[in-house]
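The values are calculated or read from the model by the stated rules, or taken from the named source; none is laboratory data. Since the model is a prediction, treat every value here as computed from it, not as a measurement. When we count neighbours, we look across all protein chains shown, and the Cβ atoms used for this are built from the backbone with ideal geometry, even at glycine.
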């Protein structure tokens, strides 16, 4: 569904939300006061940080949503079945193009939930303990940790040096009789080669999981990432394209998977499920008639629930999301154009045909045999108030955690190791404007004038 259609539908659904006049007046006063406060606050930036890695994307509207929930005492979705959470779920799944959306308390929890769904014994053909799941070695730790958590083995493969995303050729080399799934990562917002990956998954009858935690709105040949996999995941952390403070979501087209996720999200209890047929499997079973339906536990459970505060935040952020994504893309195009003259020394992510990058951050790769190192360039930028960081967790195969949990490494991970050694990224977000861009470009020019 188109973004504006979703917004129009949202307006209809919440027409009666501020139904009490006194409540509405109070919220309006709060919004006005917060707007004035934030305007003052924004003028007192840290003078040492001239180009921040991340920045807040919320204003008085999100704060009013939070206050609305607090004033109504609608805080936990466990009591009101998540009115705001449910609205945000419908907005995001509609935008991506999936039938089911289950919001959780983080992108990390979303990845755990995705694996727990596919390993659940009540689904047809579940992934069994000891199975292998192929994933890139260049990733964040919470892509990998859930694989270990469900008793499976991560198989680390190399990435493409141009896109920093998983190399389909390396996926094929990694497949064995124990392989059950591929978990791809659309790193920094660059979509993976989904045609090749889906072809491989279909050929070998493998589940496909998309980690889209940094790729909100990224497109592969006109399709939004997150719409390809059996299960896909998103993060709504503070620094991401769309923030709910903390939060994440699992998307799928499989209704049974969604209901399993809803039970696991809330301690294994069934009362928050939506599908009556799924609930009646248990409600109508004579074996369970002595159990209070409100406390009927049908599956393994966690507490991965978001709050209504997170849901309300997401509703307002969804309205801002197209503009936030536009700014990131506009910034990236300027950086690509202004920095290309240094291509003898540095490389940026190369965007292939049919790719619409979401630009979570802007990566710089210092080429081998340059007259300077990554640390030289990164250190200079830091000294000028430009915040930077390594590419996610770097080479996961080098992290201490792999020494205590089973894993397999395919090949020499040549490209991952080069990126680990030579690459970093700087921020690219809605608070980066002409002033910040010019400062960054000027710093690059100053650095290269001394080379």
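Here residue 328 passes the criteria (1) touching a strand residue (DSSP E or B) at 6+ places or on another chain (Cβ under 8 Å); (2) touching a residue at least 24 places away in the same chain (Cβ under 8 Å) except the one numbered (1). Restricted to the range 173-240, the set of strands (runs of 3 or more DSSP E) holding at least 1 residues that are free of Cβ contacts under 8 Å to residues at least 60 places away in the same chain and within 18 Å of residue 153 (Cα to Cα) comprises 179-185, 207-211.
Looking only at the range 177-193, residues that are surrounded by fewer than 23 Cβ atoms within 10 Å (Cβ to Cβ) and closer than 26 Å to residue 106 by Cβ come to 1 in all. Select from the range 389-412 the residues that are assigned to a helix (DSSP H, G or I) and in contact with a strand residue (DSSP E or B) (Cβ under 6 Å, 6 or more places away or on another chain) and list them in ascending order. Of everything in the range 389-412, just one residue is assigned to a helix (DSSP H, G or I) and in contact with a strand residue (DSSP E or B) (Cβ under 6 Å, 6 or more places away or on another chain), namely 397. Selection over the range 24-59 of residues that are modelled with pLDDT of 75 or more, over 30 Å from residue 94 (Cα atoms) and in a helix (DSSP H, G or I) gives a count of 11.
Candidates 369, 382, 415: the one that is without any contact (Cβ under 8 Å) to a residue 12 or more places away in the chain and outside any loop (DSSP other than H, G, I, E, B) is 382.
Okay, residues lined up against (1) closer than 29 Å to residue 304 by Cα; (2) touching a strand residue (DSSP E or B) at 6+ places or on another chain (Cβ under 8 Å); (3) not in a loop (DSSP other than H, G, I, E, B):
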site: 129; (1), (2), (3): yes, no, no
site: 135; (1), (2), (3): yes, yes, yes
site: 143; (1), (2), (3): yes, yes, yes
site: 146; (1), (2), (3): yes, no, yes
site: 151; (1), (2), (3): yes, no, no
site: 156; (1), (2), (3): yes, yes, yes
site: 164; (1), (2), (3): no, yes, no
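Scanning the range 424-447 for residues that are surrounded by fewer than 17 Cβ atoms within 10 Å (Cβ to Cβ) and touching a strand residue (DSSP E or B) at 6+ places or on another chain (Cβ under 8 Å) turns up just one, 439.
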